[in-house]
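Everything on this sheet refers to the single structure shown next.
Every number in this text was worked out from the coordinates using simple rules, so none of it is lab data. This is a predicted model, so every value here is computed, not measured. Reconstructed Cβ throughout: ideal geometry from the backbone, glycine too, with neighbour counts over all protein chains shown.
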Amino acid sequence: MIFCRNCGKQLDDGEKFCGQCGTATSEIPTTQTQSTHTVMANMSLWQAYGAFWKNYTNFNGRARRTEYWGYFLFNLIFVIGISAIDYTVFATELENWGPLYWLYFLATFIPGLSIIWRRLHDTGKSGANFLWCFTIIGLIPVLIWLCMDSTPGENRFGENPKGIQY
């Protein structure tokens, strides 16, 4: 099974060209010949969360939507769970953050920035555009960019990560 390098579409063995963008399959690496990555058609959210931790300090390259939203989902679940433990064990108020939350926050702050940075790279934007989140109006375009599909093919930040497991 192979995937188009330009658009990420899954192709059947024996196809000569990608039906979506027209790229010749001779230019598309297969699972066995691809250098450092293994092709993965559908990444589950849990696998995406694992890929997030494998790239926790990597601010270069690109991150798929699945990787970002897998991180977002599991991070939200863990924060709710940790807050519940803080509330019951340390008797913190619901509007205050307890010690377990702050430990989790410190452990995930840099990795969280790196996934947002790489996700913006995947849409063709500089990771520095994340700083727009600190303005009320800037939050809207950043959220839209995080929801956008990958830029097809290679962009200035690297190859399209669709179908690649780290």
### When residues of segment 77-123 are limited to those that are among the acidic types (Asp, Glu) and out of contact with any Pro (no Cβ under 9 Å at 6 or more places or on another chain), the one surrounded by the fewest Cβ atoms within 10 Å (Cβ to Cβ)
95
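Conditions tested, residue by residue: (1) closer than 20 Å to residue 50 by Cα; (2) part of a helix (DSSP H, G or I).
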position	(1), (2)
71	yes, yes
80	yes, yes
84	no, yes
87	no, yes
96	no, no
102	no, yes
107	yes, yes
111	yes, yes
### Failed item in (1) crowded, with 17+ Cβ neighbours inside 10 Å; (2) closer than 21 Å to residue 51 by Cα, with residue 154 passing the rest
(1)
### Pairs, first without any contact (Cβ under 8 Å) to a residue 12 or more places away in the chain in segment 103-128, second part of a helix (DSSP H, G or I), C-beta under 7 Å, six or more apart
126/120
### Query
Which residues, taken from segment 124-145, are within 17 Å of residue 52 (Cα to Cα) and surrounded by 19 or more Cβ atoms within 10 Å (Cβ to Cβ)?
none
